[in-house]
1. Taking the convex hull of the alpha carbon atoms in the chain, what volume per residue do you get, in Å³?
2. Counting Lys and Arg as +1 and Asp and Glu as -1, what is the net charge of the other residues whose Cβ lies under 13 Å from the Cβ of residue 91?
3. Going highest first, how would you order 59-65, 118-124 by mean Cβ packing within 10 Å?
4. Report, ordered by chain and residue number, the lysines lying within cross-link reach of residue 156, taken as a straight Cα distance under 26 Å and ignoring same-chain residues fewer than 8 apart.
5. State the dimensionless ratio Rg/Rh of segment 1-87 (Rg: radius of gyration of Cα atoms; Rh: Kirkwood radius).
6. On full extension of the chain, what length is gained from residue 171 through residue 70, given 0.36 nm per residue of separation minus the C-alpha to C-alpha distance?
7. Given points 7 Å out from each Cα along the Cα-Cβ axis, report the residue 139 to residue 113 separation in nanometres with one decimal.
8. Please find the FRET efficiency linking residue 121 to residue 79, where r is the Cβ-Cβ separation and R0 is fixed at 22 Å, and quote it to the nearest 0.05.
Amino acid sequence: MNFPDFNAYCEAACIKLWGEPDKRSKTELRWNGADDYSGRTFDLKKRCWYDHGAKRGGSTLELVAYAKGEQPNGKLRRTAFFAAWRDAHARGWVPDPPPPEKKSDGLRKGLRVRRFYSYHDEQRVLLYQVIRYDTEVRDDRFGQRRPDGKGGWIGKLGRVRRVLYRLPELIEGVKAGVCRQSISDSWLGNLRECLAHLV
C-alpha cells in the first residue's frame with residue numbers, strides 16, 4: 001500500500017491550526033507563545049512541527065492528536081495511524097482519505113478449519129474463539145480470534161478476558177448441583193469457590 005507523504009501537508013496543517021505565523025525565515029515558521037520557551041515552530045527543511053512548551057512535535061498525523069489534546073503514545077501504528085489519517089482528512093489537512101478497512105475473518109489462509117470453540121462470558125456474550133485447524137503441523141493446529149465489534153474479527157486475543165470453555169453452562173451446572181463426586185473433591189471445591197463470586 002502506498003501512503004501519501006504526510007510531511008508535505010504539515011505546513012498547511014500548522015497554519016490551519018495556529019493561523020499565520022508571527023515570523024518567517026528561510027529555515028522555519030514561528031508562532032510566538034506566552035514566553036520565550038513556549039513558542040511553536042515548523043521546520044521547513046524537515047517539514048515537521050514542534051511545540052517548545054509542550055515538548056512535542058511530529059508530522060501531520062501527530063498534529064491531529066495534538067489538536068485533539070491527546071497525549072503522545074509512541075509511534076502511530078495500525079488502527080491509531082488510520083484513525084489519525086481519517087481525522088486529518090476530515091479537518092482538510094490531507095486531500096486523500098485512508099483506504100477502507102478490510103474486514104478480516106481472523107482465519108489463517110490455506111488451512112481448513114476443523115472446529116470452532118466459542119468462549120462466552122457469564123451473560124453469554126461472545127468474547128473469543130479458539131480455532132482448531134486440520135493440519136499435521138503442530139504449531140499451526142490452533143489459533144484464536146476475537147470479535148472486532150464491527151462484524152469482523154481480529155486474529156489475536158489481545159487483552160480480552162480469558163474464561164473457561166462453556167462458562168455459562170458450567171455456572172448453571174454448579175447452581176443445579178450437577179457436578180459429580182467423580183471429579184476430585186479438592187478440584188471441585190476450588191471450582192465451586194472460584195465460581196461462587198460469579199453467581
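1. Considering the Cα atoms of the chain, their hull volume per residue is 212 Å³.
2. +2
3. The packing order, highest mean first, is 59-65, 118-124.
4. Partners within reach: 75, 102, 103, 109.
5. Radius of gyration relative to Kirkwood radius: 0.97.
6. 32.2 nm
7. Distance between the two pseudo-spin positions: 2.4 nm.
8. Step by step, r from the Cβ atoms, then E = 0.40.
Where a number appears in this text, it was derived from the coordinates with a stated rule and is not lab data. Everything numeric in this text was worked out from a predicted model, so none of it was measured. Counting neighbours? That spans all protein chains shown, and the Cβs are built from the backbone with ideal geometry, glycine included.
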